[in-house]
Structure formats: structure tokens, C-alpha cells
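S.K.: This structure is in C-alpha cells; I'll ask about it shortly.
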Amino acid sequence: MSDTEDPHEAVGAYALHALPPEEAAAFATHLAGCDACTREVADLEATVACLAEAEAVTPPDALRRRVLERIATTTQEQLLRREPSRREGPRLDLEV
Ligand SMILES: [Zn+2]
């Protein structure tokens, strides 16, 4: 962490253990005297723990079947063709 950087900005990377060792040590020193960062690290670590416990769940067959049926019968939105505006400059018609 350089002297010009705001030490508070490293809180997310610190909570994710993504800081290089020397920056983590510098942030830990900052953390010892900063209540705001201490609270934010605690909140982020709790969130990370929740995310780590999350797991993919296979949907029940009936739900999967209903979703696939709905996909097959739902009309897709049409993409609107955007006319070029004059502000975009001249249009080049190139054959591809
Ligand atoms: Zn701080």
C-alpha cells in the first residue's frame, strides 16, 4: 500500500485474503486503529462464510420440466434495429 492510497480501500481485498503479504500486514496495522474497517471486515467475513456454505441444488424434475416448457413457448423479444444517428458521423457500407 503506497502512502497516497486510502487504507480503507483495501478492506474488501483484506477480507478475501487477496492482498499481498506486505499489504496485508500494512492493512492489519491500520485495522488495529480503525473501528470502521474492523466492522466492515467482520461483515465481509460473515458474508464470505455464507457464500462458502452455499451450494448448488438440483431442481426437482417437475420444476425443470415446467421451466423448459415455458422457455419453449415464450416469444423472445425482438431486437430493435437502431438507425444510426447523424451525430455518429458518416456510415460506411462495407460488404463482409
Ligand atoms: Zn479504516
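Every read-out reported here was derived from the displayed coordinates using simple, explicitly stated rules and does not represent laboratory data. Since the structure is predicted, the reported quantities are computational estimates derived from the model, not experimental observations. Using ideal geometry, Cβ is built from the backbone for each residue, glycine included, and neighbour counts are taken over all protein chains shown.
S.K.: Each residue of the range 35-46 in order: what ³J(HN,Hα) in whole Hz does its phi give by Karplus 6.51 cos²θ - 1.76 cosθ + 1.60, θ = phi - 60°, with x for Gly and Pro?
M.R.: For the range 35-46, the Karplus curve yields 5, 4, 5, 4, 5, 5, 4, 4, 5, 5, 5, 5 Hz.
S.K.: Please compute the length gained on full extension between residue 56 and residue 22, using 0.36 nm multiplied by the number of residues separating them and subtracting their Cα-Cα distance. Could you put the intermediate results ahead of the total?
M.R.: Working: separation 34, 0.36 × 34 = 12.24 nm, distance 3.58 nm.
Fully extending the segment from residue 56 to residue 22 adds 8.7 nm.
S.K.: Here's something else I'd like to know. Can you work out the FRET efficiency for the pair residue 48 and residue 68, with r the C-beta to C-beta distance and R0 = 41 Å, to the nearest 0.05?
M.R.: Values: r = 34 Å, r/R0 = 0.83.
Calculated transfer efficiency: 0.75.
S.K.: Now for a separate question. Averaged over every viewing direction, what's the projected area of the C-alpha convex hull for the range 6-66? Give it in nm², one decimal, please. Walk me through the numbers on the way to the answer.
M.R.: Numbers: hull surface 24.0 nm².
About 6.0 nm², averaged over all directions.
S.K.: Averaging sequence separations of C-alpha pairs under 8 Å and six or more residues apart, then dividing by the length of the range 1-73, give the relative contact order as a whole percent. List each step's numbers first, then the result.
M.R.: Working: 27 pairs, mean separation 20.0, N = 73.
Value for the range 1-73: 27 percent.
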